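Taking it in order: structure first as structure tokens, then the write-up.
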Amino acid sequence: MKVSLGIIRACGAAGLAAVLLLTGAVEGHALGAGSEIGAEYDQPLPMSLFRNKNADRPVNNQPIFRTKGEYEWKWINKGNGYKKLISDGNGTFYYYDYSNIVHAVTSEHEHLWMSEPFPQKIVSLNRTENGNLLLVLNPEITTINVTGSRVKPTTTNRVIVYDKEGNKLLDQWLFNPNVGGANLLTAGGRLVFQSEEGLVCYDTNGRKLWTITDNVRLSQDEGKQWYTNVDALERGEDGAIALFTSDGVYRLINASGTIVDVQRARKTSLQTGERNFLVVTQGEDGFYWWGEERLTAEQMIAVHNNRPKPPYWTQYDVKWAQGSYSTTEEENNLVAKDLDGNVRWTYYTPEAQYGHPSNVIVNRDGDVFFSDNGGNVYGVDSEGNEIFRLIRNNPDRTTVQLSLTPDGGVLGTTENIGMFRIAKSGIAVTIEGKPSSLEDRPFLQDGEAFVPFGPVLERLGFDVQRDDATQTVVGAKPSTNIRVQVGQPDGVVNGQALPLPIASQLIDGTVFVPARFVGEALGLQVEWDAVNREVRIGSPEQLARQAVVRFLKHVEQGDDHKARADLTDSELNLFERVPSLVPAFVRKQWRSDIVSMTARSDGPDYYVVETVQRNRSFDFKQILDKVGTWRYVLKLTPEGIWKIEDSDLFQGKSIF
């Protein structure tokens, strides 16, 4: 018998025994007071534009998003492979793709900048202490095994630093005697490595701090193989650097680039087990160095063998205001604790074969998100209730990366899906073409979208006064005065009564009104878009422009369902409607940016929008970059939404 809950509460032996007596044997899931979401809440993912190797799999093997509605699937962007997703903590996210291009995007995947495609493979991308980006690219030259020389053959790695705006601050080659990885030391806002000049130190803004040329040798033979006398670089205390050279000399260099100690030493190994060896530094006095200590061989082996063994998997201990979430040595669980360290509940992932929870992140409400090695992604609230699950139906182990977005949702990347966003369900509001983040969340009632009256007026440029005693909100501009009082059937605009479609409401001290009333009162159009769950307030021209932006975004994301909803004729899928886009989707290496846009009215229900678009297609060698003009004909539908009726894209005009 398989229990259908995903939580086991810290209920003690007696409570657990009682539960087991009622349910029988437990398989896969665990028990408890929290709840798991059933399969009746499954939603298919909008992946139809992406023709990949899994496109013809049965529906029950396609990825599924399961939620009761508190969180929703926002979008997918297939892209060209997403690697190493990192966040600046303020809404900007960085990653690199299979074409070795670095991208900076917002949480809505709006591109901020992208680098050139590098001919070398990017092997790491990290943020420095001051928020810049540090890239290391793979060796360009393979090491040749040379014997009988005191000078070691070396490989080269490329080190690049970008600032947050995408400006390149540093681009240098380092020479690395350690074939296993780049010999780049980072500490205290500094980068230390061997270059053609010698041993160099830069700050993370690309400014050179010091260079040591004595005792550091570098040469190149006729076969273009580099050689160095540097055995190793190691980080010491207080920003010091230890330089080991092949003549058996150890030099200690302080943070200012001054050599402060010189001793003879050598790299050697000690056997710590039957098949285990430890690489150590031995001074000429015969003692081994362990930090600042000098130990005998027996002491060194004892210290090493008595160290706590780290788990073979990454262990997480993530804190939030009311406690923490951690993983344990058990194969597939996540433990919630209070501030005193008491266990509140334990969640067992249902797919135990995929191992420990990983990528554990938590928002300020205590909702915790994590993944497993099968690419499944989970969301659990602070009480242990499952709030969503991405089910990959994937027999293979799959890499996932997760990052928290400013609104407390999730931005993630995973193989075969791409980048995705999951966030709390809600109605988005766009005012005069600009997304508006409202603390008081809009809602839908009786077919009407309600918005917080005061905050919306403020975004429209009104001076807003609130009278809590009379539950009245007044907005004023030089030529417009508007007032709404809770309980009254009409609003007042410049002294004239204007009926409310539905009575205003007071919720937690905020006055809400139907969005349609705001439009009627101010001479603006209001769209309620059920497909995108969005209220849009603006002039007809602004809303027509938005329709084009929205369509291109949905096309780039590969969301056929939403892209069709942007058209007046949604019978044909986009492969049939826009055949010129097919190669772009097959390659998944394409993006389009609107450089400029103009719009003109072409009758009461029509607008013509012309865009200057920058379309880019990229691979490992180049970025195809074309700027062209495209024309879109917009029509106001009977539902009051501007949609695209025609475009030269539909007539076969090529992007490239």
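So the values come out like this:
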{"read-out": "Dipole magnitude (debye, nearest 20) for the range 310-355, charges at Cβ of Lys, Arg, Asp, Glu", "value": "180 debye"}
{"read-out": "Rg to Rh, two decimals, where the range 203-249 supplies the alpha carbon set and Rh follows Kirkwood", "value": "1.05"}
{"read-out": "Surface share of carbon and sulfur [accessible, 1.4 angstrom probe, percent] for the chain", "value": "47 percent"}
{"read-out": "Under 16 Å from Lys434, Cα to Cα: lysines that are on another chain or at least 8 residues apart", "value": "Lys553"}
{"read-out": "Surface per residue (accessible, 1.4 Å probe) for the chain, Å²", "value": "47 Å²"}
{"read-out": "For the range 376-455 and the range 543-566, distance of Cα centres in Å", "value": "19 Å"}
{"read-out": "Relative packing of peptides 462-474, 554-566, 343-355, 628-640 - highest average C-beta neighbours within 10 Å first", "value": "554-566, 343-355, 628-640, 462-474"}
{"read-out": "Ranked packing of 238-247, 83-92, 520-529, most packed first, by mean Cβ within 10 Å", "value": "520-529, 238-247, 83-92"}
{"read-out": "Dipole magnitude (debye, nearest 20) for the range 271-338, charges at Cβ of Lys, Arg, Asp, Glu", "value": "160 debye"}
{"read-out": "The chain: relative contact order as a whole-number percent, Cα under 8 Å and 6+ apart", "value": "11 percent"}
{"read-out": "Partners for Lys168 among lysines (Cα-Cα distance below 21 Å; same-chain residues under 8 apart left out)", "value": "Lys83, Lys84, Lys121, Lys208, Lys621"}
{"read-out": "Long-range tail of P(r) for the range 174-228 (Cα pairs > 13 Å, %)", "value": "62 percent"}
{"read-out": "Eligible aspartates and glutamates near Lys562 by straight Cα distance, threshold 14 Å, same-chain separation 8 or greater", "value": "Asp529, Glu534, Glu571"}
{"read-out": "Point-charge dipole on Cβ atoms (K/R +1, D/E -1) for the chain, about Cα centre, debye to 20", "value": "1440 debye"}
{"read-out": "Label corresponding to Rg and Dmax of the Cα atoms in Å when calculated from the structure given, among [x] 30.3, 103; [y] 24.9, 79; [z] 30.5, 97", "value": "[z]"}
{"read-out": "Cβ-derived FRET efficiency at R0 60 Å, Val531 paired with Asn167, nearest 0.05", "value": "0.95"}
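The values are calculated or read from the model by the stated rules, or taken from the named source; none is laboratory data. Quick caveat, the model's predicted, so the values are computed rather than measured. Glycine also receives a Cβ, built like all others from the backbone with ideal geometry; neighbour counts cover every protein chain displayed. Only protein heavy atoms, including side chains, enter the accessible area calculation; ligands, DNA and RNA are left aside. Shrake-Rupley method; radii C 1.70, N 1.55, O 1.52, S 1.80 Å.
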